[in-house]
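The values are calculated or read from the model by the stated rules, or taken from the named source; none is laboratory data. Computed from a predicted structure; not experimentally measured. Note that each Cβ is placed from the backbone with ideal geometry, even for glycine, and that neighbours are counted across all protein chains shown.
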Amino acid sequence: METFARTGSVWIVRGIASILFGVLTLTNPGASIAALVLLYGAYALVDGAFLIGFAFRHDGPKAHYIISGMLSIVAGLCTFVFPGLTAVSLYILIGAWAISTGVTELAMAFTLRKNEVNLVGLVLAGLLSIVCGVALFVLPLAGIVALVGVITVYAFFNGALLISAGIRLNQLLRTLATA
């Protein structure tokens, strides 16, 4: 039961980090593409390390956490190894990361669903990630302003949905613990 309680906290912490990323992106819209790349890289590295660390402390299935964490770390490392990425390259990198993260979040939600846990917020976060990634691939030349806008909106909504999923899971676990 304690492991599942920490699972809810994982989604809440990830949601808060996503919202903070959105706030930083929104408050610095004139930042250069290099600064945005580095900010994204730091977020992806921290998110990936957090997920992998959780996987090794988690008693249940680990593959989803490890895969998502590795994808985030690889995306983060790419931003630091190649800091001179163009806006189109950043679109591709963030788009691929958003789609792969969305797919793994959906897989995690359906895995938890097998344990009779309903996490609509996590499903919606996964779908939002996929839609955001596809939008970045479809509109690669929309410009850096659009990129900042898409990333900011994505970060806020993704964060809110992840927090919602974490709160819902924590409430469910408290109800089960008192029953």
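Just a few scattered comments:
- When segment 63-84 is limited to residues that are touching a Gly at 6+ places or on another chain (Cβ under 6 Å) and surrounded by 14 or more Cβ atoms within 10 Å (Cβ to Cβ), the one that is farthest from residue 50 (Cα to Cα) turns out to be 79.
- Meets criteria (touching a Phe, Trp or Tyr at 6+ places or on another chain (Cβ under 9 Å) and either modelled with pLDDT of 80 or more or part of a loop (DSSP other than H, G, I, E, B) (or both)) for residue 165: yes
- Qualifying residue in segment 26-35 (condition: in a helix (DSSP H, G or I), at pLDDT 90 or above and on the phi < 0 side of the Ramachandran plot): no
- Within the set 111, 101, the sole residue that is modelled with pLDDT of 75 or more, within 19 Å of residue 42 (Cβ to Cβ) and of a type outside the set (A, V, I, L, M, F, W, C) turns out to be 101.
- Residue check, residue 153 of a type in the set (Val, Ile, Thr) and at pLDDT below 75: no
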